[in-house]
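Just below is one structure, and these are the notes that go with it.
The values are calculated or read from the model by the stated rules, or taken from the named source; none is laboratory data. The structure presented is a predicted model; accordingly, all values stated were derived computationally and were not measured. Heavy atoms of the whole protein, side chains included, go into the accessibility calculation; ligands, DNA and RNA do not. Shrake-Rupley method; radii C 1.70, N 1.55, O 1.52, S 1.80 Å.
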Amino acid sequence: MATKTISQGVAADPVVTALNKLLADSYSLMADTHLAHWNVEGSDFFQLHTAFQSQYEELFEAVDEIAERIRALGSYAEGGLGRLAKLSDVAPLPGGRLPAKDFVAHLIEGHEKAAASCKGVENAAQEADDLETQDLAIKRRQTHQKTLWMLNSFLK
C-alpha cells in the first residue's frame, strides 16, 4: 500500500481520511477538556476537576491509538495544531472564566461530534472490510457515549 497523507495533497483512502478526522476531533476535544480542567471553578470544582482530568488523560491515549492505526494502515497521521484545528469540527473552548455548566455543555457538544466521527470511521472501515479499524471506532464511540451520559447527568 502506498503511503498517503492529506497534507501532501495525495488523495487518502476513505478509512485514513475518516481516521484523520477522528484524530483531529479527539485532539481538539482533549485540549478543550484540559482547558476546562484548568479553569473550572465553583462548588463543583473538585468533582469536575477530577472528572475532566480522567477524560483528557483517556483522550490523550486515544489520539495515540488513532494515529498509530493510521500508521499501521501505511499512511501518515495528521499533526500540528493548525492542521488539526482545520480538520476538526469541535469548536475551540474559549479561555478564561465560564460557569461550570458551560464547560460541561461545551464538552457535551465536543463528545457528540467525536462520536459522529467515530461512526464515520466505522462506516468507512465496514465498506473497506477493515474489521480492526471498525473495532477501534466502535470502542471509541462507546467511550464517548459513556462520557456523554456522565456529562449530561451532571447538568440535570
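Would you calculate a helix-derived [θ] at 222 nm for the chain, using -39,500 (n - 2.57) for each DSSP H run of n ≥ 4 and dividing by the full residue count, to the nearest 500? Let's see the in-between values first.
Working: 5 runs with 114 residues, N = 156.
Estimated from H runs of four or more residues: -25500 deg cm²/dmol.
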Where the chain is the region considered: accessible area per residue in Å², 1.4 Å probe: 53
Of all accessible heavy-atom area on the chain, the percent that carbon and sulfur account for (1.4 Å): 55
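Sorted by accessible area (1.4 Å probe), largest first, how do K86, K113 line up?
Numbers: K86 180, K113 85 Å².
Ranking K86, K113 by accessible area, largest first, yields K86, K113.
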Read-out volume of the Cα convex hull per residue in Å³, derived from the coordinates shown; its label in [x] 110; [y] 92; [z] 120: [y]
Set of lysines with alpha-carbon distance to K156 below 25 Å, sequence-local pairs under 8 removed: K101, K113, K146
